[in-house]
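Data block below; observations after.
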Amino acid sequence: MSTVDGQEREPILQMSGIYKHFPGVKALNNVSFRLFPGEVHALMGENGAGKSTLIKVLTGVYSIDQGAVTLSGRHVAIHSPLEAQAAGISTVYQEVNLCPNLTVAENIFIGREPRRFGRILWKEMNRKAEQLLRERLQLGIDVTQPLYMYSVAIQQLVAIARALNISAKVLILDEPTSSLDRNEVEQLFKIMRKLKEDGLAILFVTHFLDQVYEISERITILRNGEFVGEYEAAQLPRIELVSKMIGKELELLGELPKAGGEGRAEAKESLIEAIGLGRKGAIEPFDLLIGKGEVVSLAGLLGSGRTEMARLFFGADRPDQGQLLLKDSPGAVHSPRQAIDAGIAFCPENRKTEGIIDDLTVRENIVLAMQATRGWMRRIPRKKQDELADQYIKALNINPPNPEHLVKNLSGGNQQKVILARWLLTQPKLLILDEPTRGIDVGAKAEIQKLVLSLARQGMSVLFVSSELEEVVRVSDRIVVLRDRKKVKEMQEDIGQQQVMQAIAGG
Amino acid sequence: MFKQKYLSIAVTVFLFAVMFLAGSFRYTGFFSLQVILNLLIDNAFLLIVAVGMTFVIVTGGIDLSVGSVIALTTMMSASLVQEHGWPPAVVIPLMLVIGSLFGWVMGAIIHYFKIQPFIVTLAGMFLARGLCYVISINTITIDDAFYTKMAQTKIHLPGGSFISISVIIALVVIAAGIYIAHYTRLGRNIYALGGSEQSALLMGLPVARTKIAVYTLSGFCSALAGVVFTFYMLSGYGLHAMGLELDAIASVVIGGTLLTGGVGYIFGTFFGVLIQGVIQTIISFEGTLSSWWTKIVIGLLLFLFILFQRVLSARQATQKL
C-alpha cells in the first residue's frame, strides 16, 4: 500500500478554521480537517475533544459559528442531515440508525423506493437491494427479512449500503466497531478497503488504537476542541498518539514527582475478588483482587472498558461468566441491592443523570442512600438529618455550606462532593468512583483526591476510575490498565505516568 | 417460507375460526354465511374506525377521540339534515372534511408541541363529546329519504344472503387501508416512524408530515364511521359510540398490532373486529348471558394477546440469523 501524499492531491472535503461554541463551552476552536478520496482517515481524541461536534457539524445537525467547508472544491453550507446526504456526505452511527421493523431492502431504499404511478415496486426494490449488497459489500442475505433478524454487524453493513446508494462521496463511520467481535471487524475492514479502492473517502472514528493503525492512512487528533495535528499513521508512534490525545509531553511527565503510595502498599487483607469475571461485548474476563484500605485505579482510554469493569463490581450489569467473591460475607453480588448490602457504594460517571437529584436540597441528597438502606419505614429523624448534613458539609468542604440549598444550584465539584457524602454516610467497605473529578475545577479535584487518600488510610477500599493519568498515579496503590475492553496490565510499584501511558498504548 | 412476522395474524385468524366453529357446533342456525355477513353489517363503523386506529398505533401513537368524533358526526349530520334541511350530498362531504381537520389539528399539536398523543386525543375526546350537547341534549331522529334508503337497502348476494351499503364502504376502506400501508411511501413512512422516529429523521424521511397525516387519516376514518353509524342508527345523539375508541384499540391489538409501534396489519385488525363481533353473536345466541360478558371475554383476550406478543418479541430478540 502506498502512502497517501496529501500535498499533491486535491482533498474532496476540506474544513478550515471551524469554530463552534455552546453556552460556556468552546466545542470547536479553529479546527481544520482534510479528507482525500480513496483514504481512510481516523479522527482521534478523548472525551470532550470535539470529535462528535465535528461530525455533527459535517452532517448538518449543528451549524458552524465560523469557518468554511468545501466539498469537491466548492463551498457548501449544510443545514440538515438531508442536505448532507444530498451533498454526498453519509454517516453510519454507532447505534445503527435504521428501522429494525422494516425489511433490509426497505431500509436501504426507504424514501427513494422505485415506484410506478405512486405504487411501490417491491420486486424491483428487493432485486436492487440484493444486487447492491452482493456487488459492493459481498453480502448475500435475504433482503426481504426484517432488519432485526440480523446481527449488529450486518445491520451496520446495511446502513453502509444505504449510504452508498445515496451515492456518497464521503462516508463517516462513527465508532462502527464498538459492538462488533473480531471476525465482524475483519469483515468490515475488508469492505472498507474495497470502498477505499473505489475512491470513497472514509472518515473513521474509533477509540480502538489497534484498529486505527490497521486501517487508516492518516490521523487527525483533536483535544479540548482544538486541532492538535494531522499525521501520517505510519509516521506516528502509538505512544506519541496517546500523549497527543491526552495532552502531556512525555519528557515533562517523566519529571513529575510521584505523590502516591508512601508506605501504604504493604500486603493488605483482601476484601473482594473477581475471578474470571467478564461480560460479552463489555469487558473480557479478568481477575482482580482489591485489598482492605487499598486504592485501585482503572486506567485506559475512553471505551477501554473502565466503566464496564466498575459496573460489574457493583452488580449494575450482569456478568456472563466468572464470579465476584466477597471475603467477609458468603455469596456473590448479583444486583446493586446486594452490593449495597455488602457495603459497596458506586458513584456513577454521569452525575447529572445517574447521581444527584436536582430539585432536592443538599441535605435530602446526602441522606438518600442511608435512608434507602434503613428502609423507607424507618425515617431518619430531622434532627439527625441536619446533624449528618452539617457534619459532611464541613468534612467535605461543600460550598455554600447550607444544607437547604438546592443541589442544582451547586457547582459541578460541589455536586460531586454531595454524592460522595451520600455514599460515605453508608460507611461502605468499597467505594467505586467513576470519573469523580470530570469537569470540575482544579481546586475541587485536589480536595477530592485528598479525600480519597484519607478514606483509604481509614481502611476503606476505593476503586477509582479516571481518564486523567496524573490523578491516577497520584492516588493509587495499584493501577490496572485496560485497553480495547481487556485488562492488559496490573502495576504495583514504581508507577510512573510514562509506564502507564506505554501500557495504555500497547503494541 | 412461512414468515414469523405473520405468526401473530395467523393466531388471530385461527382464533376467529375456532370461535366460529365452536358457535356452529353449539347453536343451530349459527353456521351460515348470513351470520358472518351480519358481523360485518353490525360492525361496519368499527371496521372503519379501526383502520384509522391501526395506522395511528403503528406509529406508536393512540387516538382516543374517535368515539366522540363519531358521536359529533351523527349529531351534526342529524341537526343539519333534519333541523336545517341541508341536502345529504353537502352534509356528508362536510362531515368528512371536519373530521379530517379535527385529526389534523390534533396531529399538528402532537408533533409541533411534542405532547403525548394520549393527552392530546383525550382532550379531543372531551371536546368533541361536549360539542354534541351544544347542538342538543336529546336524540335527533332522522327521517330523511336518503338516509333511510342507505339504512334499509339490502344488497342481495347469490345464495339468498345480503349485506348493507355500509359493509361495502367498510370493505373499500379496508382495501384502501391495505394499499396505503404496503404500496405507498406514506404507508412505509408510517411503519418507519413506528420502528424508530429518531432513525426516520436521520434517514431524511418526512416525519412531521407523516405523523400529522396519520391523525388526519384517523379523523377522516372516524367521520366516515360517524356517517355509517348515522345510517345504522338513523339518529344523532351525544351518547352514541360511548367507549368505541376502546373497542377499536382492542380490535387493533387483538389483530396483532404492537402498541409500541412499527408492527401491525390492517388485515389483522379486520379479524380483530370480527372476533369481537363473533363473541357478541355467541352471547346473543346463548340468550341468557348478559351482554357484559362480551367485555369480560374481550378483556381476557386482550391480556392473552399482549402476553403472547411479549413472548414473541422476546423470542425475536434472541433469535438472529
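The values are calculated or read from the model by the stated rules, or taken from the named source; none is laboratory data. As the structure is a computational prediction, the values presented were derived from the model and not from experiment. Backbone-built Cβ (ideal geometry, glycine too); neighbour counts: all protein chains shown.
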Given (1) among the polar types (S, T, N, Q); (2) away from chain A (no Cβ under 13 Å); (3) touching a strand residue (DSSP E or B) at 6+ places or on another chain (Cβ under 9 Å), index of the condition residue B:184 fails: (2)
Which condition number in (1) touching a residue at least 12 places away in the same chain (Cβ under 8 Å); (2) away from every other protein chain (no Cβ under 14 Å); (3) out of contact with any Pro (no Cβ under 9 Å at 6 or more places or on another chain) is the one that residue B:215 fails? (3)
Selection from region A:151-187 of residues that are in a strand (DSSP E or B), of a type in the set (A, V, I, L, M, F, W, C) and within 23 Å of the chain's Cα centre (by Cα): A:171, A:172, A:173
Among the residues of region A:215-222, is there at least one that is out of contact with any Ser or Thr (no Cβ under 6 Å at 6 or more places or on another chain), assigned to a loop (DSSP other than H, G, I, E, B), farther than 19 Å from residue A:155 by Cα and of a type in the set (Gly, Ala, Ser)? yes
Looking across region A:408-437 at residues that are farther than 19 Å from residue A:394 by Cβ and in contact with an Asp or Glu (Cβ under 7 Å, 6 or more places away or on another chain), the single one that is modelled with the lowest pLDDT is A:437
Which of the following residues is more than 20 Å from residue A:27 (Cα to Cα) and within 14 Å of another protein chain (Cβ to nearest Cβ): A:98, A:71? A:98
With the requirement that a residue be within 13 Å of chain B (Cβ to nearest Cβ) and either surrounded by fewer than 19 Cβ atoms within 10 Å (Cβ to Cβ) or assigned to a helix (DSSP H, G or I) (or both), what does region A:125-150 give you? A:125, A:140, A:141, A:142, A:144, A:145, A:147, A:148, A:149
Single condition residue A:363 does not satisfy, out of (1) outside any loop (DSSP other than H, G, I, E, B); (2) modelled with pLDDT under 85; (3) in contact with a helix residue (DSSP H, G or I) (Cβ under 6 Å, 6 or more places away or on another chain): (2)
Checking A:55, A:108, A:64, A:78 in turn, the sole residue that is outside any strand (DSSP E or B), among the β-branched types (Val, Ile, Thr) and crowded, with 23+ Cβ neighbours inside 10 Å turns out to be A:108
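Return the only residue of B:190, B:178 being within 14 Å of chain A (Cβ to nearest Cβ), within 27 Å of residue A:125 (Cα to Cα), among the β-branched types (Val, Ile, Thr) and crowded, with 21+ Cβ neighbours inside 10 Å.
B:190
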Could you list, in sequence order, the residues of region A:81-95 that are at the interface with another protein chain (Cβ under 10 Å from one of its Cβ atoms) and assigned to a loop (DSSP other than H, G, I, E, B)? A:93, A:95
Hey, among A:46, A:83, which residue is within 21 Å of residue A:231 (Cβ to Cβ), assigned by TED's automatic domain parsing to the domain that holds residue A:172 and not aliphatic (A, V, I, L, M)? A:46
